[in-house]
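Everything on this sheet refers to the single structure shown next.
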Amino acid sequence: MKKVLALASLAVIGFVLVSTLRLVPFGVNKMNPQVAERYLREGVARTGSVNIVTAIVVNYRGFDTLGEVTVLFLAATGLGAVLFDKRGKRTQRTPASLIVKSAALILFPLIVLLGAYVFVHGHLTPGGGFQGGVIIATGFLLMYMAFRSYDVSHTWLMAIESLAGTTFVVLGLLGLVYGRSFLYNFLPLGTANAVFSAGVIPLIYVAIGLKVGSELTGILDHLMETIR
Amino acid sequence: MVYYVAALSLILIGTYAVLTKKNIVKIVLGLSIAETGVNLLLITIGYVKGRTAPIFSDPSFRPEKMVDPVPQALVLTAIVIGLAVTALALAIVIRLYDHHKTLNIEKIRQLKW
């Protein structure tokens, strides 16, 4: 009975989605000339970032990204609050094998390096602060999986996270002081396609990368500590 | 076109899991699958045939040959929010398991009315 009801509601949802998407042709240019096409035409000249997605995320809609970082912070804090009294009881049934341990020790610095590379080059190549931060967190996950007693210093995690978040807000406020609006790109744009270009965009993305990396490591740490 | 089909199937599979599964972890997984479908759908709507990613890594690239960057930026946001939602949901699942010693929603009495 329940499955029939579920399938019936799925049929309704599917029908509505399909009949809506029939009006949206695949692969046809639907860009708004005042928004998307303008970002593509003027994005590099105005923001200095050759990656237009980064230009939108950090510059045109930087305030939105600040909200997004706040949501992630709230989720990490909420997770810490929900799992508050379950700390420090981490036990693993079977220890990891020697192969995993040796490989983790070799791979960990390389993964962190790759993450840092991705967020430093966020305005030049695909990727950015969020992706780089997640890569760094996967490195820490590997270390948690490989070593029973591995633990990250919570003081350092909190310090990096708070510092990165404050940097983001301070850069936005400096835009208000030296420019016209919050998160205004007040630094010189430089030449496109260089690492030191695009004004505040790389700085903000480094801050986001560190913040996301430390937040996700904190989430992993909370979840790993509750395994029994 | 195949992307639309894939995105719709992901959304429907995820919703089906949310509606019928008894295990809370599977419900959270279903949410994640549906969310992936929505992300794929948004990216697909922004795609333009024969065009490339909106990155001017070579000076010869022209804006007329690039896809819509706005859905990609939106999906970047959506992925991060989805991750936050999944993490928080899993934390609450851990709490529920602690309290009721079961993951079966039919055995958790407080969820019924």
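Computed quantities for the displayed model
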| quantity | calculated |
| --- | --- |
| Residue that is farther than 30 Å from A:M158 by Cβ, open to solvent by less than 30 Å² (accessible area, probe 1.4 Å), in a helix (DSSP H, G or I) and more than 7 Å from chain B (Cβ to nearest Cβ), where the choices are A:A6, A:A11, A:A55 | A:A55 |
| Leading residue by the ranking (modelled with the lowest pLDDT) among those in segment A:185-209 that are assigned to a helix (DSSP H, G or I) and either surrounded by fewer than 23 Cβ atoms within 10 Å (Cβ to Cβ) or of a type in the set (S, T, N, Q) (or both) | A:L203 |
| Tally of residues being free of Cβ contacts under 8 Å to residues at least 60 places away in the same chain and more than 20 Å from A:V24 (Cβ to Cβ) across segment B:16-34 | 12 |
| Residue pairs meeting the criteria (Cβ under 6 Å; at least 6 apart or on separate chains; first part of a helix (DSSP H, G or I), in segment A:149-170; second open to solvent by 70 Å² or more (accessible area, probe 1.4 Å) and modelled with pLDDT of 80 or more) | A:I160/A:L210; A:A164/A:L210 |
| Residue check, A:V120 closer than 14 Å to A:I208 by Cβ and at the interface with chain B (Cβ under 10 Å from one of its Cβ atoms) | no |
| Verdict on A:F108 being modelled with pLDDT of 80 or more, open to solvent by 80 Å² or more (accessible area, probe 1.4 Å) and not in a loop (DSSP other than H, G, I, E, B) | no |
| Pair list, Cβ under 6 Å, 6 or more apart: segment B:88-102 residue under 18 Å from A:A75 (Cα atoms), other residue of a type in the set (G, A, S) and assigned to a helix (DSSP H, G or I) | B:L88/A:A75; B:L88/A:G78 |
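Condition check ((1) charged (D, E, K, R); (2) more than 10 Å from chain B (Cβ to nearest Cβ)) across all residues:
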| site | (1), (2) |
| --- | --- |
| A:K2 | yes, no |
| A:L21 | no, no |
| A:Y39 | no, no |
| A:G43 | no, no |
| A:T47 | no, yes |
| A:L83 | no, no |
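The values are calculated or read from the model by the stated rules, or taken from the named source; none is laboratory data. Quick caveat: nothing in here was measured; it's all calculated off a predicted structure. Cβ: placed from backbone, ideal geometry, glycine included. Neighbour counts: every protein chain shown. Heads up: the accessible areas ignore ligands, DNA and RNA and are worked out on the full protein's heavy atoms, side chains in. Shrake-Rupley method; radii C 1.70, N 1.55, O 1.52, S 1.80 Å.
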